1. Within segment 121-149, work out how many residues are at pLDDT 95 or above, out of contact with any helix residue (DSSP H, G or I) (no Cβ under 7 Å at 6 or more places or on another chain) and on the phi < 0 side of the Ramachandran plot.
2. From the residues in segment 129-161 that are without any contact (Cβ under 8 Å) to a residue 60 or more places away in the chain and assigned to a loop (DSSP other than H, G, I, E, B), which one is surrounded by the most Cβ atoms within 10 Å (Cβ to Cβ)?
3. Within the set of pairs 6 or more residues apart or between chains, which connect a residue that is outside any loop (DSSP other than H, G, I, E, B) inside segment 95-114 to a residue that is surrounded by 14 or more Cβ atoms within 10 Å (Cβ to Cβ) and charged (D, E, K, R) with Cβ atoms less than 9 Å apart?
4. Surrounded by fewer than 14 Cβ atoms within 10 Å (Cβ to Cβ), at pLDDT below 95 and either part of a loop (DSSP other than H, G, I, E, B) or in contact with a Ser or Thr (Cβ under 6 Å, 6 or more places away or on another chain) (or both) - does that describe any residue in segment 30-44?
5. What are the residues in segment 59-74 that are surrounded by fewer than 24 Cβ atoms within 10 Å (Cβ to Cβ) and either assigned to a helix (DSSP H, G or I) or on the phi > 0 side of the Ramachandran plot (or both), if any?
6. Counting only residues that are β-branched (V, I, T) and in a strand (DSSP E or B), which one in segment 83-94 is nearest to the chain's Cα centre (by Cα)?
Amino acid sequence: MNRLLFVVLTCLVLISGCSSSSTGSAGATAPAEFKVRFDTSKGPFVLEVHRDWAPNGVDRFYELVKNNFFNDARFFRVVPGFVVQWGIHKDPKVSAEWRDKNIPDDPVKQSNLRGYITYAMRGPNTRTTQLFINLADNASLDGQGFAPFGKVTEGFEVVQNLNAEYGQTPDQGLIQSQGNAYLEPQFPRLDYIKSTKIE
């Protein structure tokens, strides 16, 4: 009996420990519209975000920006004429805290047009922290459930010129498990986010 109680208590401690996050509290509600300035290694760009386009996605994005989640994150997937993707934290411990914090899908209200930002996902209700900006009109993604929640209003040329030499080569599993300790020596010329700021 005492052994069973010990196991149950141990499990509860582990569960409560896993649920905490060093990046801030969950459930932030975003303003109806706002702008976010990204300062990157290539220069700045600005996103205009609309909560009514995808409220679940926008609330998560707002929370991540408020907590500086994207600072020093690499643009690890750059496919010219398609997308540029980022959103895995530089520290694998922080990535692990967010990996299973999925948000419910939003209905697709806007098309994946050039310059529009959307979450990457593995299937229904699997959005967490990874994002991409469409480098072309990718309307074929609309029917797959990719719901844009904002668009680049300034500096799209910066987004277009992010270093694409590594294409899709960086291994996302290794980024998750090792963070920038994997990316910096293996892909030293990847562009990255210096800071984000809500305007």
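The values are calculated or read from the model by the stated rules, or taken from the named source; none is laboratory data. The structure presented is a predicted model; accordingly, all values stated were derived computationally and were not measured. Cβ: placed from backbone, ideal geometry, glycine included. Neighbour counts: every protein chain shown.
1. Of the residues in that region, 17 qualify.
2. Among those residues, the one meeting the criterion is F146.
3. Filtered contacts from segment 95-114: I103/D59; I103/R60; I103/R127.
4. no
5. If the condition is that a residue be surrounded by fewer than 24 Cβ atoms within 10 Å (Cβ to Cβ) and either assigned to a helix (DSSP H, G or I) or on the phi > 0 side of the Ramachandran plot (or both), then D59, Y62, E63, L64, V65, K66, N68, D72 are the ones that fit.
6. Among them, the one singled out is V84.
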